[in-house]
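Have a look at the structure below, then the notes.
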Amino acid sequence: MTEILAVAVITVLAVVAPGADFAMVVRNSYLYGRRTGLLAATGVAAGVLVHVTYTMLGVGLLIASSTALFTVIKLIGAAYLVYIGVRTFRARGDVEVDLENKTELTPWAALRTGFLTNVLNPKTTLFVVSTFAQVVSPGTPLYQQAGYGLFMSFAHLLWFGVVAVFFSHDRMRTLMLRGQKVLNKVIGSVLAGLGISLAFAPSH
């Protein structure tokens, strides 16, 4: 019971902590509408399952014990965050408010963006690996470990689904679209800043 509670608390705290996934879902929701935001949120949740899968297979323990391997993963993720941060910062042109018109971001692209953001997010890697390596007992049944993983994924889906609905609301969306150039620079700076800070942060 203590283990279950610990996993639940850590998961909730990790999910609501602002990061690259939050910035990405917010941006996609206010720029392209609710469906795109929800697809991005779904991609984020799917990305969590990738981390859970390799951690349960034992690769997570290897990463946790290998500074070199974790550093490589961290640098790849940091580079991706800097890349999308710079792209967001340099984004130009206004986006149409009319949701009936086609946008430049397809459903597949929205799903892929959310997925890659979390698959290459060192914060998510560290959260999942640390939880399974330090909180979950080695003797915990596999079905229970799988349940933890599904809970982590569902928590991400629920939270970012709420974020997508909120920031795609007509009034909120209109207000944000009016200041989209400033918002793009702010969000882009946050993403790039996260990437840079992760790149130079100690591996352990």
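The values are calculated or read from the model by the stated rules, or taken from the named source; none is laboratory data. Keep in mind the model is a prediction, meaning the values are calculated, not measured. Cβ coordinates were reconstructed from backbone atoms using ideal geometry, including for glycine residues, and neighbour counts include every protein chain displayed. These accessible areas exclude ligands, DNA and RNA; they are computed on the full protein's heavy atoms, side chains included. Shrake-Rupley method; radii C 1.70, N 1.55, O 1.52, S 1.80 Å.
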When only residues in segment 118-153 that are open to solvent by less than 20 Å² (accessible area, probe 1.4 Å), part of a helix (DSSP H, G or I) and of a type in the set (S, T, N, Q) count, which is farthest from V50 (Cα to Cα)? T131
Tell me which residues, restricted to segment 154-170, are of a type in the set (G, A, S) and either open to solvent by 10 Å² or more (accessible area, probe 1.4 Å) or under 16 Å from V48 (Cα atoms) (or both). A155, G161
Which residues, counting only those in segment 104-136, are without any contact (Cβ under 8 Å) to a residue 12 or more places away in the chain and either under 19 Å from A155 (Cα atoms) or in contact with a Pro (Cβ under 9 Å, 6 or more places away or on another chain) (or both)? L126
